[in-house]
Each structure stands twice: as structure tokens, then as C-alpha cells.
């Protein structure tokens, strides 16, 4: 059996129309062209009186708004491997570092006793920039391993491409409010 181009397009159209009709009675979720779930800061914070980040671990995207709400940006991320490693809730950026060094956390040392600290450089899992959150050992950082972005690949942190974390680093002062969902 062969399928013509017209038949294939017709089947795709029918699937789209039927899929839309089947979802008509379910709550709508807005997705952008990249399939990231769109976020609105008002759903997470009472005020936009400072820079704001929402890290969406489901759609693996980080959303940024500046204090005035005139600058909104979205970045693809890596997220924790499991729900047990995912810290959710409200915090803020408490420290920033260009060229961070990496040290395994106590739980990582327990699981991987051969892991040793890594200085800044291409082998460092924190990439070129790191923004430390109010929760110990949780960081928004870059990565030199670009295969991790868009995947569940971290031990709890939110990872970005190095060029994206450099951009975000410049936009986010200490005290930027953060929510991880």
C-alpha cells in the first residue's frame, strides 16, 4: 500500500482537527512554537518589583522577566534527573560567580566517592557562569555539555547553554526572585 502526499496531508489535517476537538473540553495550555509551556509571572508572584525567574521543570524552560515587565525571555534548560532531586518552591539568587569551580555535594560524594572538585574550565559541569540560589547546593548554571539541555540530566540544578547563562547572568542581580515549578 502506498500513500500519496495528498493522503498524508489529509491524514495529518484530520488528526489535528480531531485532536483539537477532543481537547475542546479540557483546560487549555498555551505553548509557544518550541512547545515550552508559556508562563505568566502573575501566576507565581504578587509583584514584579525586581527581576524574576520561573524555572519550569516540566517543559524544561527558564522564563525571565525584568523588574518593569518590559523584557521577557525564555531559555531551554536541563533539569534534575528525578523528582526526588528536584527542589520546588520560592527562593532567590544569593550569589553569582563567573568561572565557578565545582565541588560534589555530600549526597554526591556518598553515591560517587571517586568524584573530586573540578576547577573552572572545559571539564567543569557548572560551565562559564553560576547563580547560586538560597537553597544550599542548588544553582542555575551553564554547561559545556550541550547534550544535557532539554533533558533530565542534573543532580538538582537548572542548566543552560553557556551563551544563555552569560546573557541571564548579566540580567539578574543578586536578589532576583526565583520559583522552580
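The values are calculated or read from the model by the stated rules, or taken from the named source; none is laboratory data. The shown structure was predicted, so the numbers you read here are calculated from the model rather than taken from an experiment. Virtual Cβ from ideal backbone geometry, glycine too; neighbours counted across all protein chains shown.
Assorted remarks:
- All positions within region 95-108 that are assigned to a strand (DSSP E or B) and surrounded by fewer than 14 Cβ atoms within 10 Å (Cβ to Cβ): 95, 98
- Close Cβ contacts (under 7 Å, 6 or more residues apart or on different chains) running from residues in region 42-64 that are on the phi > 0 side of the Ramachandran plot to residues that are surrounded by 22 or more Cβ atoms within 10 Å (Cβ to Cβ) and part of a loop (DSSP other than H, G, I, E, B) comprise 60/77.
A quick yes/no check of all residues on (1) surrounded by fewer than 18 Cβ atoms within 10 Å (Cβ to Cβ); (2) modelled with pLDDT under 95; (3) part of a strand (DSSP E or B):
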residue	(1), (2), (3)
110	yes, yes, no
121	yes, yes, no
126	no, yes, no
167	yes, no, no
173	yes, no, no
178	no, no, yes
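- Only one of the numbered conditions (1) touching a residue at least 12 places away in the same chain (Cβ under 8 Å); (2) part of a loop (DSSP other than H, G, I, E, B); (3) surrounded by fewer than 20 Cβ atoms within 10 Å (Cβ to Cβ) is violated by residue 156, and that is (3).
- Residue 139 being within 14 Å of the chain's Cα centre (by Cα) and surrounded by 13 or more Cβ atoms within 10 Å (Cβ to Cβ): yes
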